[in-house]
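Just so it is clear, none of the values below were taken in a lab; they were calculated from the coordinates. Everything numeric in this text was worked out from a predicted model, so none of it was measured. FYI the Cβ positions are ideal-geometry reconstructions off the backbone, even for glycines, and counts take in every protein chain you see.
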Amino acid sequence: MDKSRLYRGIPKVDVLLADKRIQELEETYSRETLMEAIRTETDALRAFIGSCEEEEAAVRQTGLLVPHIAKRVQAINTPNMRKVINGTGTILHTNLGRAPISPEHMQRAARLVSGYSNLEYNLEEGHRGERYSHFEKLLCRLTGAEAAMAVNNNAAAVMLILSSLAKGGEVVVSRGELVEIGGKFRIPDVMEQSGATLVEVGTTNKTHLADYEEAVTEETKALLKVHTSNYRIVGFTESVGIDELIPLAKEKGIPVIEDLGSGVLVDLSRYGITYEPTVQESIRKGADVVCFSGDKLLGGPQAGIIIGKKEYIDRMKKNQLTRALRIDKFTAAALELTLHEYLSEEQAMRKIPVLSMITMPAQDVKRRADAFARRLRRLGLPARVEVQPCQSQIGGGSLPLERIDSYAVAIHPEKISVPELEERLRRLDVPIIPRTVNDTILLDMRTVPEEDAALAARELKEGEVLEP
Ligand SMILES: *Cc1c(COP(=O)(O)O)cnc(C)c1O
C-alpha cells in the first residue's frame, strides 16, 4: 500500500477553502474556527492514514474530510452545557443540576438580569441599597427570624458563619454530626478553613448534654448542630436537640448554630414524606443562626441562606469574606421569586418544581407513563415498551431513606443491546438519562414532565436510536 500517495491525496488548505461546502460554512462561522477545524481534522486524517492497514478505508476517510470539518466547526460553536431529560427519578440529582427552577421564575429573572435592576439600589430613598433587601423581609416573615442574608451555597454559608462568630476560638460539635456531604465538603475541613477549632464531643451514635457541658470552656465561641441530612444512624442512638442546647448556650453567652442542610419550609409529613425538621421549627426552638441550601428541598437557585438573630447576621454582613461569597443578581432574583411562592403553602406545592415532583401522586405519574408508553407504541419503534412500578428518590443528600412510589416506562430494545441504547440516549441532541436496573432501561416519569416526554418520543423516533 502506497502511503505517500495516500498522504498526497489529502486536500491542501487552499483547495479546502475553495470547496463550496466549506465556503457555505464561512458564511456562518469565523475564519479562525474554520481554520482550526481544518487543521485538526487534517491532522486526524494524517494519523488515521499512518495507522491504517487498508487502502480502501483510508480513501473513504479522506472522502469524509469535509463533512468532518463541518461537524467540528459546529461542535466548536455549540454550547456544551445542555438540557437533558432526567429519567432517573432522582428529583434533586446532584449531577444533573440539582433543583430545577420554575420556567416562569426564570423568565421573570431573565428580564431582570438582561437589563439593569435595583439590585443594590434603594428606590425609595434614592441611594445605595443591599442585595439581600429583596428577600430578607420575606425570609424573616416565612421563618420567624430577625435577619437574613444569602451567599453562594450552603458550604459557603457554614464557612462564613464560623469565620464571623468563631474565628480563633473553639466550636463544639457532636461526633455523630461530623458529616461529609458530596463533593468533599467535610465539616471538620470547613471548620479549619474558617479559622475555628473543632472540639468533638460524644461518640458516633450517642452524644449527651453533659458531653457539651464538659467541653465548653472560656475559648468556646459557639455550639454547632449539623443536620445529618444524607445518612441515618439507627439503633442505639441519642443526640441532643437544639432545645436542650439553648439553655446551656444562654448560660455561657454563646450562640447555637444549626446547619440544616436541606432547608425545608413546609412540613412534608403532611404529604406522606418522612418528617424533615423545618427551618421555622429551628428558629422557634431558639437557634441563633440557621443555614440551609437554596437548591435542595427549598427548590430554588443554588445559594446558602443564613437566617437568625440580627446581631449575628450583621457581623456576617460586615465580614470581608462576604464579598467573596456573595450571590449574584441572577440568584437574588430567582431566590426572591421562589420564596414568594411560600407565602401560600398550596401555591408553593404547585409552583415549585421540586415540591410538585415530590408530592405528585403515584397514580398521576402512572397516567403520564401510560400516555408516554402509548405514544412510543404508536411510533412503531423496534422495542417492547411497558409501564412498571418503581420508586423515586429525593437525592441531593436529602431524606436518603425516602422512596416514593412511582411508575416508569421500560424500553426493551429488539435490535440493539441495552448498553448500546444507553449510550445512544446520552448522545442525543437533548440527552436522555435513564435509570438502568437489572439490565433494563427505565424512564421514571416522576422527573419527566409532559413537554420532556413529548420531546423524548420525538427524539427516540427521529434519532433512530433503536435501529440496528
Ligand atoms: C448539602 C449540605 C451542605 C452543603 O450545601 P451546598 O448548598 O451543597 O453547598 C452543608 N451541610 C449540610 C448538612 C448539607 O446537607
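Let's see if you can work this out: charge +1 on each Lys and Arg Cβ, -1 on each Asp and Glu Cβ, no other charges. What is the dipole magnitude of the stretch 103-351 about its Cα centre, in debye to the nearest 20? Could you put the intermediate results ahead of the total?
On the way: 30 positive and 36 negative charges, 156 e Å.
For this selection, approximately 760 debye.
Got a sec? How would 30, 282 order by Cβ neighbour count within 10 Å, fewest to most? List each step's numbers first, then the result.
On the way: 30 12, 282 26.
The order, fewest Cβ neighbours first, is 30, 282.
What is the percent of Cα-Cα separations in the stretch 103-351 that go past 34 Å? Present the calculation step by step, with values, prior to reporting the outcome.
Details: 4991 of 30876 pairs.
Here the tail beyond 34 Å accounts for 16 percent of pairs.
Which lysines have a Cα less than 22 Å from the Cα of residue 366, not counting those fewer than 8 places away in the same chain?
Qualifying lysines at Cα under 22 Å: 351.
Which one of 407, 63, 361 has its Cα pushed farthest toward the positive end of the charge dipole of the chain, where Lys and Arg give +1 and Asp and Glu give -1 at the Cβ?
Of the listed residues, the answer is 63.
Å³ per residue of the Cα convex hull, for the stretch 35-105? Provide the component values of the computation, followed by the final result.
Numbers: hull volume 11.7 nm³, N = 71.
Considering the Cα atoms of the stretch 35-105, their hull volume per residue is 165 Å³.
Would you work out the charge dipole size for the chain about its Cα centre, treating the Cβ of every Lys and Arg as +1 and the Cβ of every Asp and Glu as -1, and quote it to the nearest 20 debye? Write down the numbers at each step before the final one.
Details: 62 positive and 69 negative charges, 204 e Å.
With only Lys, Arg, Asp and Glu charged at Cβ, the dipole is about 980 debye.
Trypsin sites (Lys or Arg not before Pro), restricted to the stretch 36-116: which are DSSP loop and have at most 14 other Cβ atoms within 10 Å? Intermediate values should be presented prior to the final figure.
Working: sites: 39, 46, 60, 71, 72, 82, 83, 98, 108, 111; in loops: 82, 83.
For trypsin sites (Lys or Arg not before Pro) across the stretch 36-116 that sit outside H, G, I, E and B with at most 14 neighbouring Cβ atoms in 10 Å, the list reads 82, 83.
Please report how far the C-alpha centroid of the stretch 148-195 lies from that of the stretch 390-468, rounded to the nearest whole angstrom.
Taking the Cα centre of the stretch 390-468 as reference, the centre of the stretch 148-195 is 37 Å away.
May I ask you to derive the relative contact order of the stretch 228-385, considering only C-alpha pairs under 8 Å and at least 6 residues apart, and to give it as an integer percent?
Details: 153 pairs, mean separation 24.4, N = 158.
Averaging sequence separation for qualifying contacts and normalising by length gives 15 percent for the stretch 228-385.
Rounded to the nearest 20 Debye, what is the dipole magnitude of the stretch 3-76 about its Cα centre when Lys and Arg each give +1 and Asp and Glu each give -1 at the C-beta? Walk me through the numbers before you get to the answer.
Numbers: 12 positive and 13 negative charges, 31 e Å.
Once rounded to the nearest 20, the dipole reads 140 debye.
Total Lys pairs in the stretch 1-144 closer than 20 Å by alpha-carbon, pairs eight or more apart in sequence or interchain only? All intermediate terms of the calculation are to be shown ahead of the outcome.
On the way: 3/12; 12/20; 12/71; 20/71.
Going through the stretch 1-144 pair by pair, I get 4.
Please give the helix 133-143 orientation as an angle from the longest Cα principal axis of the chain, in degrees from 0 to 90, rounded to the nearest 10.
So the helix axis and the longest Cα principal axis differ by about 60 degrees.
Can you grab the distance from the C-alpha centre of the stretch 341-365 to the C-alpha centre of the stretch 38-66, Å, no decimals?
What the calculation gives is 55 Å, centre to centre.
Got a sec? Charge dipole of the stretch 103-351, +1 on Cβ for Lys and Arg, -1 for Asp and Glu; which of 216, 204, 135 is way out at the positive end?
With unit charges placed on the Cβ atoms, the residue in question is 135.
Normalised by the number of residues in the stretch 3-76, what is the relative contact order in percent for Cα pairs under 8 Å and 6+ residues apart?
The normalised contact order for the stretch 3-76 reaches 44 percent.
Over the chain, what is the percentage of antiparallel beta bridges among all DSSP beta bridges, to the nearest 5? Before the final figure, lay out each step's value.
Numbers: 34 of 57 bridges.
Percentage antiparallel, nearest 5: 60.
Just to be sure I understand: of the beta bridges DSSP finds with both ends in the stretch 103-351, what percent are antiparallel, rounded to 5?
Details: 15 of 34 bridges.
Once the DSSP bridges in the stretch 103-351 are tallied, antiparallel ones form about 45 percent.
DSSP loop chymotrypsin sites (Phe, Trp or Tyr not before Pro) in the stretch 241-299 with at most 14 other Cβ atoms within 10 Å of their Cβ, which ones?
On the way: sites: 271, 275, 292; in loops: 275.
Sparse-neighbourhood loop chymotrypsin sites (Phe, Trp or Tyr not before Pro): 275.
When the helices in the chain are scored as -39500 (n - 2.57) per DSSP H run of 4 or longer and the sum is shared across all residues, what 222 nm value do you end up with, to the nearest 500 deg cm²/dmol?
Result for the chain: -13500 deg cm²/dmol, rounded to the nearest 500.
If you filter the stretch 418-456 for trypsin sites (Lys or Arg not before Pro), then keep DSSP loop positions with at most 11 other Cβ within 10 Å, what is left? Spell out each step's value before the answer.
Details: sites: 424, 426, 427, 435, 446; in loops: 427.
Listed in order of number, the matching sites are 427.
Considering the options 324, 352, 416, tell which one lies farthest towards the positive end of the dipole of the chain, charges being +1 on Lys and Arg and -1 on Asp and Glu at the Cβ, about the Cα centre.
416
Calculate how large, on average over all directions, the projected area of the Cα convex hull of the chain is; give the answer in nm² to one decimal. Don't skip to the answer; put the middle values down first.
On the way: hull surface 118.4 nm².
Over all viewing directions, the chain projects a mean Cα-hull area of 29.6 nm².
How tilted is helix 450-462 with respect to the longest principal axis of the chain? Cα atoms for both, answer in degrees (0 to 90, nearest 10).
20 degrees
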